[in-house]
Structure formats: C-alpha cells, structure tokens
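The values are calculated or read from the model by the stated rules, or taken from the named source; none is laboratory data. Everything numeric here is computed off the predicted structure, so don't read it as measured data. Cβ coordinates were reconstructed from backbone atoms using ideal geometry, including for glycine residues, and neighbour counts include every protein chain displayed.
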Amino acid sequence: MKHTIAVLVNNKPGVLAKVAGLFARRGYNIDSLAVNATVDGNYPDPAGDKYSRMTLVVDDEGDPGIMDQIEKQLDKLVDVVHLSDHTQTQVVRRELALIKIRATPEQRSEVFTVCQIFRALIVDIGEGVIMVEVGGAPEKVDAMVEVLRPYGILELVRTGRVVLVRGQRMT
Amino acid sequence: MPTMTGSQALLRVLKENGVDVIFGIPGGVTIPIYDALYDEPSIRHILVRHEQAAALAAEGYARRSGKVGVCLATSGPGATNLVTGIANAMMDSIPIVAITGQVKTFAIGRDSFQEADVTGITMPITKHNRLVKRPQDLLETLREAFYIARTGRPGPVLVDLPSDVSTSQVEWVGPHPNGDFQLEGYHPPGEGDPLAIAEAARLIDAAERPILYVGGGAVSANASEPVRALARKANLYVVNTLLGKGVYPETDRQSLGMPGMHGTTYASYAINHCDLMIVVGARFDDRVTGDLKTFAPGAKVIHIDIDPAEIGKNRAADVAIEGDARLVVRALVEQVAPRERGAWEESLDQYRAEHPLTVPESDELTPQQVIQAVYEVTEGNAVVTTDVGQHQMWAAQFYLAKEPRQFLSSGGLGAMGYGFPAAIGAQVADPEAVVFDIAGDGSIQMNIQELATATHEQLPVKVAVLNNGYLGMVRQWQELLYQKRYSGVRLAGNPDFVKVAEAYGATGRTVTRPAEVRPALEWSLTVTDRPCFLDFRVAPEESVFPMIPAGKSFSDIWETHPNPSKGADR
C-alpha cells in the first residue's frame, strides 16, 4: 500500500540529504518526493524562510510495521519538525505533468479536445509536436498519460505529489 | 557585546558545558583552535596518536563520567579517522561531541587539500551533525550540539568548522536561560504515559514468571537505583545486556547475568521460559535474541525506552512506554505490589545450579582463569574496558559488574580497538579508579600506538592481553562452523608486547604459567605512574561457551564444545 507523508523540516542545507539518506540506508523506497520552502501557521516564521515541506509517497510493501518504523525514524531527525501520514485523511492531492507528444497538424484538434476533457492545457506547439500540461489528482494525471500514449510520447516530466488537508485541520 | 574569534567562542561554549578535557590531534585547519587552546589552561588537551583513539577515548570518558566527551580532529583524514569512533558512539548511544576542522568556506566543494565531506560521511552515524557556514551560527550550533548529544537517547553530534569561521570575529552572547536555540523538531520523551505505566504494573503483579531485562539505556538514564528497587520489591530476576552490566549488581542472587549468544545458559533459559519481560533501555539486538521467532515465545513484553523507534522495531510490545527510564521505573516501583514467586524462583535457582558458568580445569593457562584472577585481585572494583572478540565475552562472563559505568565495551558496532583508548578516557575521567583494559592480541594492535599517549599522560591503565596467537572469535567460528578451516586468523608476527610497552616508556610482564598470574596482577596494581602491559600467553584454541550460533534459538545452545575431539584432524 502506498502512503503519503507530509513532513515539515527545517529549511537548512543537508536536510534533504538526511531524509533521503535515511530511506536509502534502511532499505525503504521513495515513490515520489516534492519539496519546497513553505508556510505553516503552527510554526511562526515571519521571514518565511525557516521551513520546508516535504511530501513523500512511500510503498509499505505489504508490511504495515515498515510505516511505523519510517515515521519514527524520520521523527528522530532533529531537523524534522512535524510529520503526519495522510493516507487515510481527507486531503487534496495534486501532481503536475508536462508531456510532449508527436502530433501532425491534422491531429491537433483531436488532442485539443482530449485536453479539454481532462482540463489540461496545451502549452506549446511546434513542428510535429505538442506539449501538454496536466495537473490534478494522481489518477487523473495517470489517465491523461495513457490517453496521450498512442500519439507517441517524446518526453514526460512529472512532479512529486503534494497534499493539503481539507478544512481547518492542519496538514 | 564582546567580540572574539570563532575559536575562542568555541572554547567558551565548551567550558559553559562543563568540558575540562578534549582528546585530539591538530592539523592545518584547526591551528586557530589550538592557538586559542594555548591561552586556555582550564581545558586539558590530550594528544592522542590516531584520531580514532580520540573519539573512542572521548567515549570512554563519557561512559565513565556520565558527561559529554569531546574529540577534536582536523579536516579530511583527521575527520575520516574519527568515523569508527563516531559510529561506535551512535550504536551504543554514547554522548560525544566531535569537532572537526574544515577547509575555508570558499574552498568547500573544490576538492581542496585535506577536504572531505564530513557531514555527508557522518550523516548515518551521528545523531545530528552540522556544517557551520556562517560565524553568526556558531554559538547556536555548538550549544545545540551539546544539548542534543546528552538529552533523549544520547549519541554523537558532529560540528564541522571551516577555518575561516574559527578565525572570524563572533559576537559573544551568553546562554539564554531557556536555551538560545529553537529545536521545534526535538522533544525527548519524559515521564512516560501514566496509563501505560499503570498497565505495566498490573501485568507485573499478575505475572507468574517475570524477568527484568535491562540494557544500556538504563545506564544512560541513570536508572540503576530504581531498577534495583523494582527488582527487590517485586522479586524480579534480572538479565542484563553487555551494555547493561552493573545496572543491577551481577553479584546478587537475583541476577542471572547476560543472555544471548555467549551469555549464561540460565539467563537464556529464564528468557525462554518467562511469561513477562520488562525491558528497560534494551533493543532486542540479534546477539541477544538469535532467531526472533523463537525468542521468549511465551512472554508478554513491557518495553520502556526513550527512543520510540526502538519500540516494536524487533519485537512487538504489549505495553509500550516511551520515556526516561529513571522516571518510568521509579513510578513502577511505587505501583507494583511486593510478591513472592516461589516456584519460578526455585526453578531458576535450580537451573542455575545445574548449568553453572565454569572456569575450565586445566594445567594450561586459560583465558577464563586470567579474567577470574583479575576479578579477584581487583575485588570486583576495577573499571573494565574490553575490545571485541573472545576476550570480550569471557570478560563479560567472568568479570561481574557491581555498578553501572564499570564495564565499558563496544557493543553494537563491535569495534576492535575500542578497549585501550576507552580505558584512557575512563582513567582521565576517574583518576583514582583501577582501570583494566582486557584485550586480545589482535585487537590491542589496532590502537597500540596509544601507549605513547597513556605513558606521556602518566595514566596507570592496566592492559591485560589474552594472547592466544589468533583472531580468536573468527578462529572459533571456523573451528565450529567451517570444519576447522582456519583462514586468515593466525596472528603470526605478533611482537613481544612487553618490549613494545617498554619502548614507549610503559612497563609490563609476560605471563606463561598459571602460578604467575596473581603475582603479575598484584604487581600491576603497584604501578601508578605509567601503563602496565600484561601479556598472558593463554591456550591458543580455547573457545567461548555457552554459544548459541547466530540466528539460532535457545534450544540450539552449545553449553560446552559440541565436538570435543577438537584438533585431531588438523
């Protein structure tokens, strides 16, 4: 089962390496990772540069004990301020992908229609190619990729997942 | 606000944290720090001969004193030489602060002379580390380092100091009463959940066959006094890990000693038959448990640990108490009921009588005899350090510890070379103590250069080498598990250790016959101004028993040699 963990960390050099290293040396795999400077109302930070948010997707490989260890080991890192597992909570989940596909001029309108259905954007058109930007829940991005695959995907980049808890509760 | 150099500020923070001794070796980028030390008579610098010994001596100092040990090394090779010592402190949860020099901030990342990515290298083997890139971060980083090293589950913290930071001007700000650093992500547990403690007390009261299992965490937490009170009030028999020796006096009737691979048969028996295990600051290491599936099969587990990640890591806990062992066990003492458990106590006493640990009868000089004699001559009062291997296990078996911080050994990492530097650190921490390093002829050679340090510092450390001419533990496994195919274990080329000691200005004696053992030991106690090196030429192929082979169960225990015809086909 895949778990989504939101980790608030100190925005200091080496922290990403500490988190990534912890996963590597204990043999846990990271499926996806997103990290950037952040704001968290529970932790005052007037200058807005003290904290980063890491959002990790981790596969427990069928062993629920692994998540317990991962979370406890992460929590032991001095630079980890707060963490929570959002696999079961009501969250908004988002990923973003840029997909460059082959498309002849005759196929453009067809691709355009597909993009409308997925509320994706065409962000570039070149000779024989179209670049599509699609954002949303991971399943939607997956579906968009599958729909575009028959055209011939030349390049694909995709961000790590980010999540935010719905309502007043904090992530 | 007064300003001073980064190096002077470093020394002031050390003093503020009660540091009066540091172990180190200077190098190019730490000259500014040594220059500041020149004017700082209240900090004693002990010049070791290899940085690994600086880290291990700092650990010996920390273990004996309960304070934070400090080691200092230069950039690059100086820092990488610390690595084994730092890893050892991590595995055994020993509070040390390692200060390393680093090349100037603008030279970092350019493969400069003596540059190494020390915070990168030590990331997995430190509790925390930090490269100080800006002078204004120096005070906070150093104060954090001491706080993190000694609180919670103790461990090594490394601070990497570029030389331009140690020469730059720093505005001195005294420590804030509430600490002048913010560690939002670091909250060591305290008293433990009262509901869990009440449930634990209920389980203890109800148990018919309980065992108290204490580890190094009970030493770190200074929990010996409440552990003893708990054992006495609830009539609990006690087993201890290698690092937990002395938390409960091993000389007491209720102590069963150490369980596990080379523990006593009766300690392993007790664990195998108990219905409740009260675990205080121990982590179910594989050398204790063997096969986890068959370890303590009928036992419920109360697990008390300050590190939540240890609870449930190797063995599920029925009652988990995250907290300071001293406070948690104190609360337990108040809540448990006094009770006798006649049948269980009798069965343990009887089993112990039937399966004793024995010193083998022999005309040869045996290692067990030597340790027994060290124990008797020192009346069980010495501070004992060990290296790693057969001698370590014999020392654990036959040198019973009465007090915590008396038996210092490399447990988790199993680092040969630990014993002698650790003995130096322990002797510095406790100048009045009789300190014995029990070593093997293999492991002593991993830090034998520290004879120079100990001689120069006039430290009367005793080194008892059990010299069997082999890397004995590997030889033992090859004998028992690899059809006596001895590969790479013969220590041909050993020097005359006494001559080596004498060349350094220490003294020593070679002992070859049983009758010479006690006189040599008694003589060593009269040497008070220099190290004393005793080279005991012991039976070469003696093995450590009992033995539960790696990954096996109590039912697989070899109480004695499984194939007594040893040596016949060699």
Exercise. Go through (1) crowded, with 24+ Cβ neighbours inside 10 Å; (2) farther than 20 Å from residue B:411 by Cβ; (3) touching a Ser or Thr at 6+ places or on another chain (Cβ under 8 Å) and name the single condition residue B:274 misses.
Key: (3)
Quiz item: Of the residues in segment B:357-391, how many are over 20 Å from residue B:476 (Cα atoms), assigned to a helix (DSSP H, G or I) and not β-branched (Val, Ile, Thr)?
Solution: 4
Quiz prompt | Test: residue in segment B:481-491 that is within 24 Å of residue B:49 (Cα to Cα), outside any strand (DSSP E or B) and more than 27 Å from the chain's Cα centre (by Cα) | solution = no
Self-check item: Residue list for segment B:320-348, restricted to those being acidic (Asp, Glu), surrounded by fewer than 20 Cβ atoms within 10 Å (Cβ to Cβ) and closer than 26 Å to residue B:292 by Cα
Solution: B:345
Quiz item: Only one residue in B:153, B:209, B:202 is at pLDDT 95 or above and either within 14 Å of chain A (Cβ to nearest Cβ) or crowded, with 21+ Cβ neighbours inside 10 Å (or both), so which one is that?
Solution: B:153
Quiz item: Which one is farthest from the other protein chains (Cβ to nearest Cβ) among residues in segment B:298-319 that are over 22 Å from the mean Cα position of the chain (by Cα) and surrounded by fewer than 22 Cβ atoms within 10 Å (Cβ to Cβ)?
Solution: B:298
Exercise. Give me a count of the residues in segment A:74-107 that are away from every other protein chain (no Cβ under 14 Å), within 16 Å of residue A:54 (Cα to Cα) and of a type in the set (Asp, Glu).
Key: 2
Quiz prompt | Wholly enclosed strands (runs of 3 or more DSSP E) of segment B:1-72 bearing at least 3 residues within 20 Å of the chain's Cα centre (by Cα) | solution = B:21-24
Practice problem: Those residues that are touching a Gly at 6+ places or on another chain (Cβ under 9 Å) and closer than 24 Å to residue B:426 by Cβ, I need them from segment B:449-471; list them, please. | Solution: B:451, B:452, B:455, B:456, B:463, B:465, B:466, B:467
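Mind telling me which of the residues A:49, A:31, A:40 ends up being part of a loop (DSSP other than H, G, I, E, B) and touching a strand residue (DSSP E or B) at 6+ places or on another chain (Cβ under 6 Å)?
A:40
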Quiz prompt | Failed condition for residue B:119, given (1) assigned to a helix (DSSP H, G or I); (2) surrounded by fewer than 20 Cβ atoms within 10 Å (Cβ to Cβ); (3) among the hydroxyl-bearing types (Ser, Thr, Tyr) | solution = (2)
Quiz item: How many residues are part of a helix (DSSP H, G or I), over 20 Å from residue A:93 (Cβ atoms) and more than 9 Å from every other protein chain (Cβ to nearest Cβ) if we restrict to segment A:52-73?
Solution: 2
Quiz item: Just one of B:490, B:509, B:485, B:518 is touching a residue at least 40 places away in the same chain (Cβ under 8 Å) and assigned by TED's automatic domain parsing to the domain that holds residue B:382; which is it?
Solution: B:518
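Could you please give the count of residues in segment B:71-126 that are under 17 Å from residue B:167 (Cβ atoms), within 14 Å of chain A (Cβ to nearest Cβ) and touching a Pro at 6+ places or on another chain (Cβ under 6 Å)?
Restricting attention to segment B:71-126, the residues satisfying the condition of being under 17 Å from residue B:167 (Cβ atoms) are B:72, B:74-75, B:99-108, B:112, B:114.
The next check asks that each one be within 14 Å of chain A (Cβ to nearest Cβ); those that pass are B:102, B:105, B:108.
Retained after the next criterion (residues that are touching a Pro at 6+ places or on another chain (Cβ under 6 Å)): B:102, B:105.
Residues meeting the conditions: 2.
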Self-check item: Selection within segment B:265-293 - of a type in the set (S, T, N, Q) and either within 13 Å of residue B:211 (Cα to Cα) or touching a helix residue (DSSP H, G or I) at 6+ places or on another chain (Cβ under 7 Å) (or both)
Solution: B:268, B:272
Quiz item: Taking only pairs six or more apart or across chains, which ones have beta-carbon atoms under 7 Å, a first residue in segment B:526-547 that is free of Cβ contacts under 8 Å to residues at least 12 places away in the same chain, and a second residue that is surrounded by fewer than 17 Cβ atoms within 10 Å (Cβ to Cβ)?
Solution: none
Quiz item: Which of the residues spanning segment B:529-547 are farther than 17 Å from residue B:469 by Cα and within 25 Å of the chain's Cα centre (by Cα)?
Solution: B:530, B:531, B:532, B:545, B:546, B:547
Quiz item: Taking segment B:76-114 as the search range and keeping residues that are among the hydroxyl-bearing types (Ser, Thr, Tyr) and either touching a residue at least 60 places away in the same chain (Cβ under 8 Å) or not assigned by TED's automatic domain parsing to the domain that holds residue B:150 (or both), which one is surrounded by the most Cβ atoms within 10 Å (Cβ to Cβ)?
Solution: B:100
Quiz prompt | Where residue A:31 falls short, out of the listed (1) of a type in the set (D, E, K, R); (2) within 11 Å of another protein chain (Cβ to nearest Cβ); (3) surrounded by fewer than 17 Cβ atoms within 10 Å (Cβ to Cβ) | solution = (2)
Quiz prompt | In segment B:156-191, residue surrounded by the fewest Cβ atoms within 10 Å (Cβ to Cβ) [restricted to those that are modelled with pLDDT of 95 or more and among the small types (Gly, Ala, Ser)] | solution = B:168
Quiz prompt | Output for segment B:473-508, where each listed residue is among the basic types (Lys, Arg) and surrounded by fewer than 15 Cβ atoms within 10 Å (Cβ to Cβ) | solution = B:485, B:490, B:499
Quiz prompt | Selected residue [more than 14 Å from chain A (Cβ to nearest Cβ), touching a residue at least 40 places away in the same chain (Cβ under 8 Å) and either assigned to a helix (DSSP H, G or I) or closer than 30 Å to residue B:415 by Cα (or both)] from B:243, B:195 | solution = B:243
Quiz item: Quick check: is even one residue across segment B:174-181 within 11 Å of another protein chain (Cβ to nearest Cβ), without any contact (Cβ under 8 Å) to a residue 40 or more places away in the chain, of a type in the set (Gly, Ala, Ser) and more than 30 Å from residue B:340 (Cα to Cα)?
Solution: no
Quiz prompt | Only one of B:251, B:294, B:289, B:264 that is among the hydroxyl-bearing types (Ser, Thr, Tyr), more than 14 Å from chain A (Cβ to nearest Cβ) and within 27 Å of residue B:154 (Cα to Cα) | solution = B:289
Practice problem: Considering only segment B:250-356, give the helices (runs of 4 or more DSSP H) lying wholly within it that have at least 3 residues that are free of Cβ contacts under 8 Å to residues at least 12 places away in the same chain and assigned by TED's automatic domain parsing to the domain that holds residue B:228. | Solution: B:342-354
Quiz item: Which one is farthest from residue A:129 (Cα to Cα) among residues in segment A:74-113 that are aliphatic (A, V, I, L, M) and in a helix (DSSP H, G or I)?
Solution: A:74
Exercise. Just one of (1) more than 25 Å from residue A:15 (Cα to Cα); (2) surrounded by fewer than 18 Cβ atoms within 10 Å (Cβ to Cβ) trips up residue A:93, so point out which.
Key: (1)
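Is it the case, given these coordinates, that residue B:511 is out of contact with any Ser or Thr (no Cβ under 8 Å at 6 or more places or on another chain), at pLDDT 95 or above and either aromatic (Phe, Trp, Tyr) or more than 20 Å from residue B:451 (Cα to Cα) (or both)?
On the way: out of contact with any Ser or Thr (no Cβ under 8 Å at 6 or more places or on another chain): yes; at pLDDT 95 or above: yes; either aromatic (Phe, Trp, Tyr) or more than 20 Å from residue B:451 (Cα to Cα) (or both): no.
No.
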